[in-house]
């Protein structure tokens, strides 16, 4: 029989119920949510999941020998504290992003995990965004030729968010909140850059929230730009990739989050997260037969792939999907990016 991976959660908010549970619930043959710890059981913003035990006693998660891994989804200022508690209890731990505020905190947690002989890993579900997977498919087809430049955009028009913040705190910055997605995508695919150029701003002035960033990561002649702003009335394309033989533009982002916000869930809808043909990216390239312009069907994204990989690590002893080195590198970039702001 297939071994079922038993999962415990610390936190019962949006992260658990929107970005984790819907994908675990489509994999009942390999994994199960056993227990969810909530700091306030009276708060019922999310529907209870059938078959799951809800508790306000954290020991029900930490001291349960049947639970294979504990996932911490609390607000990020609590990540370090609760991840340390999980590790000290001798439990494997998945920690939401942003992982920690500093490299020092992250390194301490990884050292503790090693000391306890357990796994610690950041939750990087955005590695399985449809747009990002499609870009990889196009690059690996070779039709673009040698890569020259990649532009990645994650834009909003939400001025009310930075306008409501009257102080600057590094860990509450836009770079931490959204760079933790896009920078991991770059690191996971291209590796450690030769150098990084940082343009991280407070568009509303000093003493206000960081609300804009533009990071250039250099890999030899290749430049990968990661850009984002709260003040983009019209979003830029999600990805634009330039090579010596052509380019690929994917305007629309992965649709999983859009569907999740509408409670259009993967367990109930076969077309969950799928692009429509109108949302496909466009490839423009030259080859021996001349000029080509065509739509590229999107690769299916699935945040549950993270949990498939986690299963292989916890149950079958495979290497971690997200390595400590990748997480430490990302946090170093986040720290460096906001270091000159005040």
For this session: Examine the stretch 177-191 for a residue that is touching a helix residue (DSSP H, G or I) at 6+ places or on another chain (Cβ under 7 Å) and free of Cβ contacts under 8 Å to residues at least 60 places away in the same chain, and state whether such a residue exists.
Result: yes
For this session: Spot the failing condition for residue 44; the list is (1) in contact with a strand residue (DSSP E or B) (Cβ under 9 Å, 6 or more places away or on another chain); (2) without any contact (Cβ under 8 Å) to a residue 24 or more places away in the chain, and only one is missed.
Result: (1)
Problem set entry | Residues of the stretch 237-250 satisfying the condition of being crowded, with 18+ Cβ neighbours inside 10 Å and either in a loop (DSSP other than H, G, I, E, B) or touching a helix residue (DSSP H, G or I) at 6+ places or on another chain (Cβ under 7 Å) (or both) | 237, 238, 239, 241, 248, 250
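Here are 234, 223, 253: which of them is over 18 Å from the mean Cα position of the chain (by Cα), in a loop (DSSP other than H, G, I, E, B) and farther than 30 Å from residue 67 by Cβ? Show your work before the answer.
On the way: 223 fails: in a loop (DSSP other than H, G, I, E, B); 253 fails: over 18 Å from the mean Cα position of the chain (by Cα).
Just one listed residue meets the conditions, 234.
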Exercise. Restricting the first residue to the stretch 209-226 and requiring it to be within 17 Å of residue 145 (Cβ to Cβ), which pairs with a second residue that is not in a strand (DSSP E or B) meet a Cβ separation below 6 Å and a spacing of at least six or different chains?
Worked result: 219/190; 219/193; 224/186
Exercise. Quick one: is residue 322 in a loop (DSSP other than H, G, I, E, B), surrounded by 15 or more Cβ atoms within 10 Å (Cβ to Cβ) and touching a strand residue (DSSP E or B) at 6+ places or on another chain (Cβ under 7 Å)?
Worked result: yes
Seminar exercise, completed: residue 149 meets each of (1) buried (at least 19 other Cβ atoms within 10 Å of the Cβ); (2) assigned by TED's automatic domain parsing to the domain that holds residue 231 with one exception, condition (1)
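Do you know which of the residues in the stretch 98-118 that are touching a residue at least 40 places away in the same chain (Cβ under 8 Å) and within 17 Å of residue 176 (Cα to Cα) is surrounded by the fewest Cβ atoms within 10 Å (Cβ to Cβ)?
102
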Problem set entry | Single match in 274, 260, 217, 265 (criterion: in a strand (DSSP E or B) and in contact with a helix residue (DSSP H, G or I) (Cβ under 9 Å, 6 or more places away or on another chain)) | 217
Problem set entry | Only listed residue being under 16 Å from the mean Cα position of the chain (by Cα) and closer than 14 Å to residue 230 by Cα, chosen from 174, 212, 156, 189 | 174
Exercise. Looking at 201, 232, 169, which one is touching a residue at least 12 places away in the same chain (Cβ under 8 Å), under 18 Å from residue 338 (Cβ atoms) and either in the same structural domain as residue 279 (by TED's automatic domain parsing) or surrounded by fewer than 19 Cβ atoms within 10 Å (Cβ to Cβ) (or both)?
Worked result: 201
For this session: Evaluate the following for residue 305: is it in contact (Cβ under 8 Å) with a residue 60 or more places away in the chain, out of contact with any strand residue (DSSP E or B) (no Cβ under 6 Å at 6 or more places or on another chain) and under 25 Å from residue 192 (Cβ atoms)?
Result: yes
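The values are calculated or read from the model by the stated rules, or taken from the named source; none is laboratory data. Worth saying up front: this structure is predicted, and the values here are computed from it rather than measured. Note: ideal-geometry Cβ built from the backbone for every residue, glycine included; neighbour counts use all protein chains shown.
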